[in-house]
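Report on the structure given below.
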Amino acid sequence: MSTTELPRLGSAGGRWIVLATVLGSSVASLDATVVNIALPRIGAALGTDVAGLQWTLNGYTLTLASFILLGGSFGDRFGRRKVFVAGAVGFAVASLLCGAAVNIEMLVAARVLQGVAGAMLTPGSLALISASIDHRDQGAAIGLWSGFGGVAGALGPFVGGWLIEVAGWRSIFFINIPLVLVVVLVSLRHVPESRDPNAAGRIDLPGALVVAVALGALTLGLIDAVPLLVGTGLLLLAVFVRIELRSDHPLVPPSLFASRVFTAANLVTLAVYAALGGVFFLLVLELQLVAGYSPLLSGVATIPITVLMLALSAPAGRWAQRHGPRLPMTSGPVLAASGLMLLPRIGPGASYPVDVLPGVLVFGLGLSVLVAPLTGAVIGAVAASEAGIASGVNNAVARTAQLLAVAALPGLAGITGALDDPAAFDSGFAVAMWICAGLLLTGALLAAVLLRPPRRKPDLGNVDCLPQCGVAGPAVAPAHSAR
């Protein structure tokens, strides 16, 4: 299909494309949010401990972080719609297996498969909009994609908490199946196929496999406290770097890191998103196990963060576009860290207005100041032709940071073993929040020392500043996710 034949946003074809891509990305992102809320019920139903809950989250995040760039490459080469639909079907099958799990081992295995499917589904969402909508309407289409994604992010904790209370934790997986069916039918009927004519002739499969094994070894070593596995994972990461340096078709082009701003922004992402992964994992557990909140109330408790991001991310992005990202990327993490220092006030019988809301509000304000300038810095640090792969790399860095934080933080904070000791969990939660605050302050320090204004103004119309996968995250590649 030529560019002149692409549908306008106001046409029936354009609306169908937006529906398929918004619904597809929302299913993948909301699943992670709702699973967080369901963790206490899953732990009780399947008789698992903290390690089992860590793997319930990390089984998904591990394969998603490992293969998300590979999924983008597959779409560029073999067809974005084809890979997007295959990912959607795989996600539905894996969701069915999750809901049918009879033990924690089956659930974790199904979550691993879900992450593989998500790595095919997630990059294609925004890429299909850029490839399938008339270029005159792409900014508006991406705005709708972000806006509806934000609405879904705001409603997800409420709807998920209600579903868990009314129909049980299995329902949060089964609900994906009819939604994915709509995505597949609409995509096959209304979304045109597209490929990247400049995609590399070969795909970096060795790099993808090595980084997957490296992250798997690190995750297992951190959760089970096995130093040998941690060392093996770090060694394999070094092997991955060597593969990328020597490859003529790297999954992560080393040339991107020639930009000081790009390197600095990704270091900040690593520190900040490690903190966010730890907070969103442990906060809902603290609210339910210690404060006695229901799944519905614990989901609603974090909605102010989403509301603040919806209201303030765009103004923060515009400010950074005019003045540079250094100040908001320094002050945002400091403000968010201040909010985390208030969260240890949560305890048995905690009052939401007095003990929970102040910390949540300050934390949300910090994220609202930080996230859009961070994503804008990543995209503005490279040439426009490299914006897609730069955004994809930053997305993978963010997910890897969350993966490792969920694996390491409970052990570092002394949260191990069974979930039937609220006092021990409460003590560990306070330690964990201080560790996460330290990670945020580390991110602020890195931004203050390393960041300089980008060499071109980033196009924040192509930036996703809204909550994805439980936390606000960097954009997925706007035109082609990897090469």
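The values are calculated or read from the model by the stated rules, or taken from the named source; none is laboratory data. Given the structure is predicted, the values throughout are model-derived calculations rather than measurements. Cβ atoms come from the backbone with ideal geometry, glycine included; neighbour counts cover every protein chain shown. What goes into the accessible areas is simple: the full protein's heavy atoms, side chains included, and nothing from ligands, DNA or RNA. Shrake-Rupley method; radii C 1.70, N 1.55, O 1.52, S 1.80 Å.
Computed quantities for the displayed model
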{"quantity": "Whole-Å semi-axes of the ellipsoid equivalent to the stretch 91-146 (Cα gyration tensor, √5λ, descending)", "calculated": "34, 9, 7"}
{"quantity": "Base-10 log of normalised Debye intensity for the stretch 322-403 (one unit scatterer per alpha-carbon) at q = 0.16, 0.22, 0.25 Å⁻¹", "calculated": "-0.72, -1.00, -1.11"}
{"quantity": "For the stretch 433-447 and the stretch 47-110, distance of Cα centres in Å", "calculated": "30"}
{"quantity": "Label-reachable residues, the stretch 102-144, where backbone N falls under 16 Å from a point 7 Å from residue 5's Cα toward its Cβ", "calculated": "131-135"}
{"quantity": "Förster radius 56 Å - calculated FRET efficiency between residue 228 and residue 151, Cβ distance, rounded to 0.05", "calculated": "0.75"}
{"quantity": "√(5λ) per eigenvalue of the Cα gyration tensor, the stretch 287-435, largest first, Å", "calculated": "32, 19, 13"}
{"quantity": "Compactness index (Cα Rg / 2.2 N^0.38 Å), the stretch 164-293", "calculated": "1.49"}
{"quantity": "Nearest-0.05 FRET efficiency for residue 140 and residue 93, computed from C-beta distance (R0 45 Å)", "calculated": "0.85"}
{"quantity": "Listed residues 434, 319, 169 arranged by accessible area, highest first, probe 1.4 Å", "calculated": "434, 319, 169"}
{"quantity": "Amide proton proximity set for residue 421, modelled H, under 5 Å, gap of 5+", "calculated": "none"}
{"quantity": "Charged-residue dipole, Cβ positions (Lys, Arg, Asp, Glu), the chain about Cα centre, Debye nearest 20", "calculated": "1340"}
{"quantity": "Distance (nanometres) between label positions extended 7 Å along Cα→Cβ at residue 241 and residue 416", "calculated": "2.9"}
{"quantity": "For q = 0.07, 0.11 Å⁻¹, Debye-computed log10 I/I(0) when each Cα of the chain counts as one equal scatterer", "calculated": "-0.32, -0.83"}
{"quantity": "Whole-Hz ³J(HN,Hα) from phi, Karplus 6.51 cos²θ - 1.76 cosθ + 1.60, for the stretch 240-245, glycine and proline x", "calculated": "4, 4, 5, 4, 5, 5"}
{"quantity": "Among 260-272, 306-318, the order from most to least packed when residues are scored by Cβ within 10 Å on average", "calculated": "260-272, 306-318"}
{"quantity": "Among 188, 167, 205 the positive-end extreme of the charge dipole of the stretch 163-232 (Cβ point charges)", "calculated": "188"}
{"quantity": "Spin-label model distance (nm) - residue 307 vs residue 209, 7 Å beyond Cα toward Cβ", "calculated": "5.1"}
{"quantity": "Angstrom value of the Kirkwood radius, inverse mean 1/r, which spans all Cα pairs in the stretch 1-79", "calculated": "15.8"}
{"quantity": "Extended-chain gain in nm, criterion 0.36 nm per residue less alpha-carbon gap, residue 257 and residue 202", "calculated": "17.6 nm"}
{"quantity": "Cα-Cα pairs of the stretch 76-206 separated by more than 23 Å (percent)", "calculated": "43"}
{"quantity": "Spin-label model distance (nm) - residue 188 vs residue 345, 7 Å beyond Cα toward Cβ", "calculated": "5.4"}
{"quantity": "0 to 90° range, to nearest 10: angle between helix 387-413 axis and the chain longest Cα axis", "calculated": "10"}
